[in-house]
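What follows is one structure encoded as structure tokens, with my remarks underneath.
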Amino acid sequence: MGFKKNSNSINIEVESDYYKFILLFDSWICLPDTKQIFIQSIKKAYSQKKFRTKQVGKKQCSFNLSQKSINQLALLAELQGIPKNHILESLINHKILELGVKQ
């Protein structure tokens, strides 16, 4: 970061985008509630970005199951201590291997 004095103003050169953002945010003249709402929206956007990054290679699917199958899936997940989607993936992979299907 460096300072340069021009005629009647001070010019601040900032190398990092992070520091540019902090400087801009701190000099932003607005109501405190506006800044708080802005911070919350930035946090939500960042959280969503992290979530989407983790979802690479995965695709959501939706299908109907009988209540009995839903209960059994929940029971298997609880007994094995793993999420339901991992149970389904494991069952599918096991059946593919059992049938000798080459992928």
**Fill in**
Expected output for segment 51-66 (first residue loosely packed, with under 10 Cβ neighbours inside 10 Å, partner part of a helix (DSSP H, G or I), Cβ below 9 Å, 6+ apart or cross-chain) is LYS58/ASN85
**Request:** Please give the number of the condition SER69 fails out of (1) modelled with pLDDT of 95 or more; (2) exposed (fewer than 10 other Cβ atoms within 10 Å of the Cβ).
**Result:** (2)
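The values are calculated or read from the model by the stated rules, or taken from the named source; none is laboratory data. The model shown is predicted, which means the values in this text are computed figures rather than measured ones. Positions of Cβ are backbone-derived with ideal geometry, glycine not excepted, and every protein chain shown enters the neighbour counts.
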